1. Where the convex hull is taken over the Cα atoms of the range 5-156, what is its projected area averaged over directions, in nm²?
2. Can you tell me, using C-alpha contacts under 8 Å and at least 6 residues apart, the relative contact order of the range 5-156 as a whole percent?
3. Given points 7 Å out from each Cα along the Cα-Cβ axis, report the D303 to A89 separation in nanometres with one decimal.
4. Given R₀ = 25 Å, FRET efficiency for Y135-D42 by Cβ-Cβ distance, to 0.05?
5. Please compute the length gained on full extension between Y153 and L345, using 0.36 nm multiplied by the number of residues separating them and subtracting their Cα-Cα distance.
6. Enter the Cα centre distance for the pair the range 243-269 and the range 105-119, rounded to the nearest angstrom.
7. Considering every pair of different Cα atoms, what Kirkwood radius, in Å, is found for the range 210-369?
8. Out of the range 210-274, which chymotrypsin sites (Phe, Trp or Tyr not before Pro) are coil in DSSP terms and have no more than 12 other C-beta atoms within 10 Å?
Amino acid sequence: MRLAPRARKAVLTVHLVAAGAWIGIDVLVAVLVGVGLGGGSDAVRGLALRALAEFVVTPMLVSALVCLGSGVLLGLATKWGLVRYWWVAVKLVLNVLLCVLIVVALQPGMADVGAAGVALEAGRLPASDISFLVYPPAVSLTMLAVATLLSVYKPGAAALAGPAPQRLQGRRTGYAADTVRGAAYLCRMSDEGQAIEARTGEVRAGERRPIEVRNAVPAEYEAVGKIVAEAFFADGQLDAPGSEFYADVLRDVASRADAAEIIVALDDGVVVGGVTFVPHGGPMADIARDGEAEVRMLGVAPDAQGRGAGTALMRECMARSAGTRRIVLSTQPVARGSHRLYERLGFVREPSRDWAPVPGVDLLVYVLEL
């Protein structure tokens with residue numbers, strides 16, 4: 001399952017709004033419980049309890065269910081999944097548990113809470129014990145705080161991104177960007193394309209330059225590998241059983257640089273995508289035959305998609321294929337956005353050459369006659 005970038009952001013917005021509303025309602029519940037069980041006037045206490053019974057539970061349940069539904073959708077449509085990471089699974093369990101508690105524990109007691117409020121406003125003692133009200137806000141706020149911390153810190157997520165870039169030292173020349181998503185890893189490059197110093201920094205806002213494509217330099221290999229792996233995760237191309245190992249293959253750009261051409265796309269000087277181009281077969285060719293060039297491991301950072309980086313990379317591969325009879329590539333059925341790109345550029349399906357590198361991972365073949 002895959003969501004387009006705009007749809008993913010829309011679902012994420014709904015999820016965050018629902019989570020914020022849920023936390024806000026829990027805080028309101030804590031305030032009303034404090035007033036209702038406190039030592040103020042009976043009229044104020046009664047009003048707080050009636051408000052709690054009549055107006056709070058339904059909005060709380062709605063926000064909890066929206067948060068649960070949008071969270072499940074985000075998990076299924078992104079690299080995080082529902083059970084791939086333990087902290088995502090814990091969040092899911094906490095959300096489901098709280099929804100169940102609202103329905104089976106909190107809501108049934110609201111009739112007694114409302115009756116207690118009416119009794120207090122009439123100057124009578126409540127007929128039922130409502131001291132249980134101290135537990136719902138304490139339990140809910142604690143569990144929501146745990147879920148929030150897990151969302152912020154994402155334990156174990158660093159393993160997905162791979163090791164952090166190393167700082168390089170040396171004299172200063174011009175800058176070349178080395179990663180994506182606003183926070184850029186900026187490498188100072190020598191005239192020969194060697195990284196001699198690096199630092200982190202922010203990509204400055206401003207008018208975008210056209211997408212630039214060129215050969216990657218060694219200092220960019222790590223960034224390219226991260227981007228391509230991230231793109232495959234976001235597309236669902238690493239969800240199939242038996243495909244987990246391929247994330248490490250995608251990140252290891254250096255090992256394939258001698259046997260293929262590593263091409264990068266830069267947006268405002270920042271690497272946002274990469275592709276492995278195999279012009280004349282060799283060890284990096286999966287399906288290319290004599291006279292065929294092959295395109296492999298095309299990936300664009302999910303947040304940079306829709307700006308033309310994928311098209312620019314493909315057109316560069318097409319330009320470099322002059323002198324060959326055709327270009328071939330393999331793609332997974334779930335990568336529908338990539339299929340549209342290939343078809344827009346003139347590629348057509350070649351079902352007779354479809355294949356499976358490992359059991360359960362079926363690849364579709366596209367070809368472009370030159």
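1. Values: hull surface 36.6 nm².
Mean shadow area of the hull around the Cα atoms is 9.1 nm².
2. Working: 162 pairs, mean separation 47.9, N = 152.
That works out to 32 percent.
3. Modelled inter-label distance: 2.9 nm.
4. Details: r = 23 Å, r/R0 = 0.93.
Efficiency, rounded to the nearest 0.05: 0.60.
5. Values: separation 192, 0.36 × 192 = 69.12 nm, distance 4.10 nm.
The span from Y153 to L345 would gain 65.0 nm if fully extended.
6. 62 Å
7. Working: mean 1/r = 0.0642 Å⁻¹.
Computed over the range 210-369, the radius equals 15.6 Å.
8. Numbers: sites: Y221, F232, F233, F245, Y246; in loops: F245.
Of the chymotrypsin sites (Phe, Trp or Tyr not before Pro), the ones in loops of the range 210-274 whose Cβ has at most 12 other Cβ atoms within 10 Å are F245.
Quick note: the coordinates plus some simple rules give every number you see, no bench work behind them. Note that the structure is predicted; figures quoted are calculated from it, not measured. Note that we place each Cβ from the backbone using ideal geometry, even for glycine, and neighbour counts take in every protein chain shown.
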